[in-house]
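Below is one structure, written out as structure tokens, with a few remarks after it.
Coordinate-derived values only; no laboratory data. Small disclaimer: the values here were computed from a predicted structure and weren't measured. No Cβ is skipped: glycine too gets one built from the backbone with ideal geometry, and neighbour counts run over all protein chains shown.
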Amino acid sequence: MSDQTALTPSTPRFRLPKPDGALLIGGSALLALGIFDLAQVIPTIGFTIEQLIDIAPYLAASILIAAYAAATGADNLIARAFTGKNTAIMVLVAALTGALSPFCSCGVIPLIAALLSMGVPLAPVMAFWLASPIMDPTMFVLTAGTLGTGFAIAKTTAAISVGLLGGYGILLFQRAGGFETPLRDEVGNGGCCASGVRSRKDVAWSFWTDGGRRKKFADNGLKNTLFLGKWLALAFLLESIMLTYVPADLVARLLGDGGLLTIAAATVVGIPAYLNGYAALPLVGGLIGQGMAPGTGMAFLVAGGVTSVPAAIAVFALARLPVFFAYIGFALVGAFSAGLIYQMSLSF
């Protein structure tokens, strides 16, 4: 037998492992940091670990819920509970709930992954996704104390409005046939047309009595832990680098006096220059006290809360590109509109 005929399609061949994007980017960032500023490596790693510990309860809860739903078959019930003829009402409820929920822009990611993987429609999920990072009860109190009750109420209204914009916008796109599979393949196959909505299987609440269901629980939990954990770690790693080297106060000082161009600039600058919801409040408060237009500050806070670099990376890892760009687009349009409307309202 010749060498040519001995090589058949079934012959095992060596294949290089598929590169992992999160590990590649994170490793490159740490390598560059080690070359140019070795002393900052340990603080950056420490910051990343600290942030992961802070978010761990939310991450663990959402992963366990998703794994339990998959193992028991309860995801079918959850998915069906979010379907029907009242999707428009669901969007409204999701936006209101999101504005009152205690989730940050990264903390909401695991919950969103669980909802979409269960087959919950994208429209109400997007409404919750956009509204949640902008405002929560603690943020409202701190905003009122730092920037005034009027600003806090306006920011809460902006959170709900941005959620409604995204939710109803997605609903219109879906009725035209778009966004049928919002999640990436490695995350799941959720969406309004997911199999969890179509199938009506029995639910085994005591899944631990079945070996196959126990394995499904473990596999689902491990998969989501590794996937979400590595991307959130990358997000916090880059956030630490950003906080160390990006002079947010200097960037914010260049945002101008509240005109269309400066509010638009604040909306865009809010993405890379944003710190976090709590740290940004005194910064914006101080700049407004020095003469920066309140509408400019509003645009900066709303845009940064939803689309900060860590949150955007997590969304990019989770959703398909059309959904990611829709998320960014709705956030930017909503933030610009919130800043402009708030600035105009002050002139009356």
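What the Cβ-Cβ distance of A39 and S347 gives, at R0 = 35 Å and to the nearest 0.05, is a FRET efficiency of 0.10.
For segment 164-175, the Karplus equation 6.51 cos²θ - 1.76 cosθ + 1.60, evaluated at θ = phi - 60°, returns couplings of 5, 4, x, x, 6, x, 5, 4, 5, 5, 5, 5 Hz by residue, with Gly and Pro reported as x.
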